[in-house]
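Structure first, then comments.
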Amino acid sequence: MSTFTYLKNLVSDYRIASVTPTSSFGVRWLCRNIDFEGSRTFVEFGPGTGVITEALLDRMRPDARMVLIELNRNFAEILRKRITDPRVSVHQADARNVRQVIESEGLDGIDCLVSGIPFSYLPVDVRDRIVKETARLMGDGGRFLAYQTLWQQDRHLLDHLTRYYDHTVGTIELRNAPPLRLYRAIRSSRRNNHSVNGEL
């Protein structure tokens with residue numbers, strides 16, 4: 001899907017963080033950090049037009065499920081038309097309502113969550129609520145992977161991830177346009193409160 005689609009929607013929706021789809025470099029980083037064999041339930045926040053979604057579907061197990069939560073109505077409609085894989089369901093919804101969405105699909109937890117929503121645009125309490133709720137839905141080894149444009153700071157997301165997840169890692173991908181901050185956080189049943197901010 002073209003940059004034009006993002007620009008057209010950016011005019012009417014200030015919450016869109018980027019004017020281009022995520023590059024292959026960002027997509028590869030995300031995929032390298034996912035346990036596809038061990039994950040059956042995937043959630044994606046802010047999938048946009050589905051560039052990352054399609055990469056995940058190519059690698060997911062045949063019996064896995066993918067729940068897309070997209071707030072922008074135009075993007076949600078594009079996703080419904082573009083992605084016909086029976087493993088996928090699309091919800092035009094707010095990430096704050098992730099539990100209700102998951103339960104409406106008959107699911108009781110998340111193995112892997114990928115997020116592209118711009119946390120810097122959200123109030124601090126909303127950021128914290130979203131990250132806290134995802135952590136509650138994660139089983140042992142569950143992963144929260146996020147990509148943010150470079151001008152969004154670690155305090156917008158990483159600080160919240162370290163509060164509720166273990167083994168949090170942040171890095172930067174300069175080969176994306178615009179450059180990205182990339183985060184991986186792993187949830188453990190035994191909270192070690194251990195976090196690292198550096199390269200994988």
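Throughout, read-outs are computed from the coordinates displayed, never taken from laboratory work. Everything quoted here is computed from the prediction, not taken from an experiment. As a convention, Cβ positions derive from the backbone with ideal geometry for all residues, glycine included, and neighbour counts pool all protein chains shown.
Please go through the stretch 50-66 and pick out each residue that is in contact (Cβ under 8 Å) with a residue 40 or more places away in the chain, touching a strand residue (DSSP E or B) at 6+ places or on another chain (Cβ under 7 Å) and hydrophobic (A, V, I, L, M, F, W, C). Hits for the stretch 50-66 are 52, 56.
What do you reckon, is residue 69 surrounded by 15 or more Cβ atoms within 10 Å (Cβ to Cβ), in contact (Cβ under 8 Å) with a residue 40 or more places away in the chain and among the β-branched types (Val, Ile, Thr)?
So residue 69 fails the test.
Mind counting the residues in the stretch 106-141 that are assigned to a loop (DSSP other than H, G, I, E, B) and in contact with a strand residue (DSSP E or B) (Cβ under 6 Å, 6 or more places away or on another chain)?
Just the residues of the stretch 106-141 that are assigned to a loop (DSSP other than H, G, I, E, B), to begin with: 106-109, 116-118, 122-123.
Then drop every residue that is not in contact with a strand residue (DSSP E or B) (Cβ under 6 Å, 6 or more places away or on another chain), which leaves 107, 109, 116-117.
Adding up the residues that qualify gives 4.
Filtered by the rule that a residue be touching a residue at least 40 places away in the same chain (Cβ under 8 Å) and surrounded by fewer than 21 Cβ atoms within 10 Å (Cβ to Cβ), the stretch 121-136 gives a lone residue, 121. Does residue 108 satisfy the condition of being in contact (Cβ under 8 Å) with a residue 40 or more places away in the chain, surrounded by fewer than 17 Cβ atoms within 10 Å (Cβ to Cβ), within 20 Å of residue 38 (Cβ to Cβ) and not polar (S, T, N, Q)? The answer is no for residue 108.
For every residue, the table says whether it meets (1) of a type outside the set (Phe, Trp, Tyr); (2) closer than 23 Å to residue 40 by Cβ; (3) touching an Asp or Glu at 6+ places or on another chain (Cβ under 6 Å).
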position: 128; (1), (2), (3): yes, no, no
position: 136; (1), (2), (3): yes, yes, no
position: 140; (1), (2), (3): yes, yes, no
position: 149; (1), (2), (3): yes, no, no
position: 155; (1), (2), (3): yes, no, no
position: 165; (1), (2), (3): no, yes, no
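Looking across the stretch 72-83, just one residue is more than 17 Å from the chain's Cα centre (by Cα), within 20 Å of residue 96 (Cα to Cα) and touching a residue at least 40 places away in the same chain (Cβ under 8 Å), and that is 74.
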